[in-house]
Amino acid sequence: SAFVGVGEHVVVEAIPGAAQPLVFDVTPLDVQELAYKTAWLNPRLEFNGTPVGVVVMMFNQHNRLQLKLDDPSLQNLELSGILRSDNVSALLQLLDTNFHIQAEHHGSDVIILRKAP
C-alpha cells in the first residue's frame with residue numbers, strides 16, 4: 001500500500017511475475033501541475049449576450065464570495081465570454097473594462113458592484 005497526501009500523486013507500476021507485483025512512486029505536485037490536474041473541478045461558465053444579473057447569479061452559485069449589484073440598471077447589460085467559475089477576478093476585470101463597473105469589497109465574502117463615477 002502507499003500513502004498519498006494532499007498535493008501528491010502516485011504512479012502504480014505493475015511488474016508481471018514479480019514477488020511483489022506493484023511498485024508505488026509517490027511524488028509531490030507543483031502548484032501549476034495540481035491546478036491543471038484539478039481544473040475539471042471548476043466548471044467553465046459560458047455567456048453569450050447574457051444579462052449581468054444572470055452572470056452574477058451564476059458566479060454566486062459557485063463561490064463563497066458573493067457579488068451584489070448596487071444599481072438595478074446594471075442587471076440587463078449583456079455580457080459574452082467564457083470564464084472559469086472560480087475566477088471572480090477575471091469577471092471583475094471584464095465588467096470594469098466593458099461597462100466601467102467597479103468592485104468594492106465588503107468584508108471577506110461580499111463584493112458590491114456599481115457603476116464607476
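The values are calculated or read from the model by the stated rules, or taken from the named source; none is laboratory data. Values in this document were obtained by computation on a predicted structure and should not be read as measured data. Note: ideal-geometry Cβ built from the backbone for every residue, glycine included; neighbour counts use all protein chains shown. Ligands, DNA and RNA are excluded from the accessible area calculation, which covers all protein heavy atoms including side chains. Shrake-Rupley method; radii C 1.70, N 1.55, O 1.52, S 1.80 Å.
Taken together, A90, A103 contain a single residue that is in contact with a helix residue (DSSP H, G or I) (Cβ under 6 Å, 6 or more places away or on another chain) and at pLDDT 85 or above, which is A103. Confirm whether G49 is within 22 Å of L79 (Cβ to Cβ), among the small types (G, A, S) and part of a strand (DSSP E or B). For G49, the condition - within 22 Å of L79 (Cβ to Cβ), among the small types (G, A, S) and part of a strand (DSSP E or B) - is met.
Taken together, the residues in the stretch 1-39 that are within 30 Å of L69 (Cβ to Cβ) and loosely packed, with under 11 Cβ neighbours inside 10 Å amount to 0.
Matching residues to (1) under 16 Å from A116 (Cα atoms); (2) open to solvent by 40 Å² or more (accessible area, probe 1.4 Å); (3) touching a residue at least 24 places away in the same chain (Cβ under 8 Å):
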position	(1), (2), (3)
N42	no, yes, yes
F47	no, no, yes
L65	no, yes, yes
L77	yes, yes, yes
L94	yes, yes, no
